[in-house]
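Here's the structure we're looking at; comments come further down.
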Amino acid sequence: MRLTVLCLALLLPLPCGLAGQAAARVSAQHDMVNPAMDDSGGPFSYYSRPTDAIGVMDGRGTEVTPEGYLYTGYGELMFLAGPTLAPVEQRLRTLRDGWLPVIEYEVRRGGIAYRFTTFAATLDGNPQSPVVDFVRVVMTNTGSAAARARFAFAARYTGPSTTGSATADNRFRRPVTAQRLGQYDQPGAAFDSSWTYGFADGAFTRGGKVFYLYPAAPAPELRLALGADGVRGPSVNPVRLRVQPTTPVGVAIFDTVLAPGASHALVAKLPYAPVPPDDPWLAAVRATGFDDYLAKTESFWRGVAGRGMRVDVPERKVADAFRASLVFDLMARNRRDSDFVQTVNEFQYHAFWLRDASFIVRSYDVTGYPDLAAQVLAFFARWQQPDGNFVSQGGQFDGWGQVLWAYGQHYRLTRDRAFAERVFPAVQRAVGWLDSVRAGDSLHLVPSTTPGDNEDITGHVTGHDFWALAGLHGAISLADGLGRKTEAAAFRRDYASLKSVLVARLRAVTAATGGYIPPGLDVRGGQDWDNMMAVDPERALDPRDPMVGATLDSTRAKYAEGVMTYGDGAWLHDYLTMKNTETEVIRGDQRLALEELYGVLLHTSSTHGGFETDVIPWGTRDFHGNLAPHGWFAAAYRTLLRDMLVREAGDTLHLLSVLSPAWLGAGDSVVVRDAPTDFGPIGFRLDVAGDTAANLAVAARFTHAPAALVVHVPFFLDVRRAGADGRAVPVRDGDVVVPAGVRTVQLWWSRRAGSPDLSYDATVQSYRQEYRRRWEAWLHGGR
């Protein structure tokens, strides 16, 4: 048993000697940000300069910049407010109802509250149709006397760059044309010094095309540039200006006096791509009502969310992040004719990776969207090479296993025979590739390669073999499902052979590492990545194998701020953490898993967007160009929360593997509806009655029942007795095992003395206190 305490220096439970080592690694970072930014009283946002997304499912999306502006491939719509028309800047933003892709925020200046609401839509609901961004600003006099409200819309090509990069701070590179579908692609326009700028009929034009539409009342003052003379009239003839890409142009200024409590709304519309003034689509955009399309947008996304798995827990952050993460991934999915291309986001990662997409597919499948998963899986076939391997990025042989694993897990959840028949020939070719390369490899493993990102080694990559085992497991599932006994037997022999060779190699390598499984099997160093996946998503090793425990200990020793680090501890890596967390869920390390759940949620925005890396521990909390939301984070989070509540393990189904003390107060409920499993869908509701009892109501629609249901007892509770459908059942090692057909499980419990006060809010408070302590020390020359 590992004795752990809460070490605030790292905000996670670690042996304190290891905490000191990790703290020493990050102590050289000197830049910080004033923690007063967290004192606004609004929801916590980890990032000092967050980014958000608005968009449509399967279509184009727009970045909401750290300031709150709208940035597309073609330019940026800015906002200025207050008596002096200072640029708006608001890092704290929220999603409507906590998860819908409708961004809301507020700034206050001169006694006026400026309340923003922005979202994206297509006019006909077709994601391949042109996208328009809607912005409404409601100006409200919050004082007791009349006050002047001043607001302006403006355009610029891009924001400033303070790093020397050609790409502006916290923006993405554009325009870029892909050479192949699935490669990085950003439609847009390069800055053109010969553009003309003008106003006509409620539109600002650039280069002869309408950039944005502004309201007609009250009649705005129009300025071609912010510092230019203004006119009050319907039009300004187009002229060339000597401006920089960062110069605000096309400024429409609205000035009105509001009585106490009075409000006035302004609505602007930003076509994703500028359009000719006589385009019939633009006429339709002019006629659209903001409220009408807001209602349509909300209705669409509620419909999407309503047909999948539903999770309700007492902590809104946990549940809202689950819902929002689905939206983030669907906005990052693009339809191109008959192809559904799952990208990672609409920004710097607007491209396809087999590794990212396989995890996103898994998230769709296990949370109730098998049709969406199947659409994405169809695109995987494009990346099979003539030799049978699956590669989307050079040297990354993990793609082989990820494809076959994704195929197999999809089949196990859906039992879709037609799908299995379609992909099976590709699976056979893929296994043929593996057999061939293993026969010629010196270690008889997946061959040596240079994957670059992420392990950053040249050699036999440990994770590639873990993935190969997962892929063979998927191939076996498909062969069994199709009744292909000969192929299934051959795949099982391949699995047994590879596992035997790999485990022997791991035993030899880890004899010199104290049991830690390294990134490479024949080279030293490298970045921890899929060497952390010996247990999940498929069990290559027993969860209690000493190598698994040693690898958890070694990688957790590299944590900072409660999450995994990357680049020899130089940066935080948010979703990499969850590779360990999934293993901890399976191992029954409930407290560690819960602390890590809160650790990754801590490192999100007030709109629940997770990042990848480039954030320096205890630094400025700025991911620079590694923009959020990140699709792999979103998928990993949804899958993790699902697995904490319901997960498969062989022929058993596990419920409530990890629960939080914050969810089990008197009168609280934990509700799961329509959760897909390998055995069929299940739903349940855990109701807490007072401090001493709870009732679990189960509603399953199994197509083939598991051998048993395992209900896990939370680590902070002592269960005195348990019952199933009115009959007593034993509690053994923290588990209650009940028949698959059970309808109700009764638990009588008491809280253990000294139970931890774990919650998202407590995690945020602990982090803020430690960050402020470091800030104060830094101000006085220390750390």
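Some observations on this one:
- Sole residue being assigned to a loop (DSSP other than H, G, I, E, B) and crowded, with 24+ Cβ neighbours inside 10 Å, chosen from PHE322, PHE352: PHE352
- Test: PHE715 is open to solvent by 10 Å² or more (accessible area, probe 1.4 Å) and in contact with a helix residue (DSSP H, G or I) (Cβ under 6 Å, 6 or more places away or on another chain): yes
- Any hit, segment 288-298, residues being at pLDDT 95 or above, among the hydrophobic types (A, V, I, L, M, F, W, C) and exposed (fewer than 13 other Cβ atoms within 10 Å of the Cβ): yes
- On the stretch given as segment 700-709, residues that are touching a strand residue (DSSP E or B) at 6+ places or on another chain (Cβ under 8 Å) and either in a strand (DSSP E or B) or surrounded by fewer than 16 Cβ atoms within 10 Å (Cβ to Cβ) (or both) total 6.
- Count of segment 373-394 residues which are open to solvent by 10 Å² or more (accessible area, probe 1.4 Å) and part of a loop (DSSP other than H, G, I, E, B): 7
- Segment 490-522: number of residues that are open to solvent by 40 Å² or more (accessible area, probe 1.4 Å) and not in a loop (DSSP other than H, G, I, E, B): 12
- Across segment 523-555, the qualifying residues are those that are assigned to a loop (DSSP other than H, G, I, E, B), out of contact with any helix residue (DSSP H, G or I) (no Cβ under 6 Å at 6 or more places or on another chain) and charged (D, E, K, R), and the one among them that is most open to solvent (accessible area, probe 1.4 Å) is ARG524.
- Segment 296-319 - residue that is assigned to a loop (DSSP other than H, G, I, E, B) and touching a strand residue (DSSP E or B) at 6+ places or on another chain (Cβ under 9 Å) and, of those, farthest from THR343 (Cα to Cα): PRO314
- Single residue of PRO274, PRO280, PRO260 found to be closer than 26 Å to PRO187 by Cα, modelled with pLDDT of 95 or more and surrounded by fewer than 17 Cβ atoms within 10 Å (Cβ to Cβ): PRO280
- Residue count for segment 38-58 under the criterion of being farther than 16 Å from ASP622 by Cβ and surrounded by 23 or more Cβ atoms within 10 Å (Cβ to Cβ): the result is 4.
- Those residues of segment 412-447 which are out of contact with any Gly (no Cβ under 9 Å at 6 or more places or on another chain), of a type outside the set (D, E, K, R) and in a helix (DSSP H, G or I), in sequence order: LEU413, THR414, ALA418, PHE419, VAL423, PHE424, PRO425, VAL437, ALA439, GLY440
- In summary, THR639 fulfils each of the numbered conditions (1) within 29 Å of the chain's Cα centre (by Cα); (2) open to solvent by 20 Å² or more (accessible area, probe 1.4 Å); (3) within 30 Å of LYS579 (Cβ to Cβ) with the single exception of condition (2).
- Count of segment 78-109 residues, restricted to those that are surrounded by fewer than 17 Cβ atoms within 10 Å (Cβ to Cβ) and either touching a Pro at 6+ places or on another chain (Cβ under 7 Å) or among the small types (Gly, Ala, Ser) (or both), is 2.
- VAL738 touching a Leu at 6+ places or on another chain (Cβ under 9 Å) and either surrounded by fewer than 14 Cβ atoms within 10 Å (Cβ to Cβ) or more than 21 Å from ARG412 (Cα to Cα) (or both): yes
- The residue that is nearest to PHE44 (Cα to Cα), counting only those in segment 579-601 that are of a type in the set (A, V, I, L, M, F, W, C) and open to solvent by 10 Å² or more (accessible area, probe 1.4 Å), is LEU592.
- The single condition among (1) out of contact with any Pro (no Cβ under 8 Å at 6 or more places or on another chain); (2) of a type outside the set (Val, Ile, Thr); (3) crowded, with 21+ Cβ neighbours inside 10 Å; (4) not in a strand (DSSP E or B) that PHE684 does not meet is (4).
- Taken over segment 299-351, the criterion of being closer than 24 Å to SER45 by Cα, over 14 Å from the mean Cα position of the chain (by Cα) and of a type in the set (Val, Ile, Thr) is satisfied by VAL311, VAL313.
- Of all residues in segment 432-447, those being crowded, with 21+ Cβ neighbours inside 10 Å and not β-branched (Val, Ile, Thr) number 2.
- HIS473 meets the conditions (1) over 19 Å from MET547 (Cβ atoms); (2) open to solvent by 20 Å² or more (accessible area, probe 1.4 Å); (3) assigned to a loop (DSSP other than H, G, I, E, B); (4) in contact (Cβ under 8 Å) with a residue 24 or more places away in the chain in every case but one. The failed one is (3).
- Checking each residue in segment 448-468 for being among the acidic types (Asp, Glu), crowded, with 19+ Cβ neighbours inside 10 Å and in a loop (DSSP other than H, G, I, E, B) picks out only GLU455.
- Strands (runs of 3 or more DSSP E) enclosed by segment 92-180 - at least 3 residues per element that are within 29 Å of ARG333 (Cα to Cα) and in contact (Cβ under 8 Å) with a residue 60 or more places away in the chain: 94-96, 100-109, 112-122, 131-141
- The one condition in (1) in a loop (DSSP other than H, G, I, E, B); (2) within 21 Å of the chain's Cα centre (by Cα); (3) hydroxyl-bearing (Ser, Thr, Tyr) that TYR74 fails to fulfil: (2)
- Scanning segment 365-372 finds one or more residues that are open to solvent by 10 Å² or more (accessible area, probe 1.4 Å) and in a helix (DSSP H, G or I).
The values are calculated or read from the model by the stated rules, or taken from the named source; none is laboratory data. In this text, all values refer to a predicted model and were calculated from it rather than measured experimentally. Quick reminder, even Gly has a Cβ in these numbers, built from the backbone with ideal geometry, and neighbours come from all protein chains shown. For the accessible areas, the whole protein counts, side chains as well, though only heavy atoms, and no ligand, DNA or RNA atoms are used. Shrake-Rupley method; radii C 1.70, N 1.55, O 1.52, S 1.80 Å.
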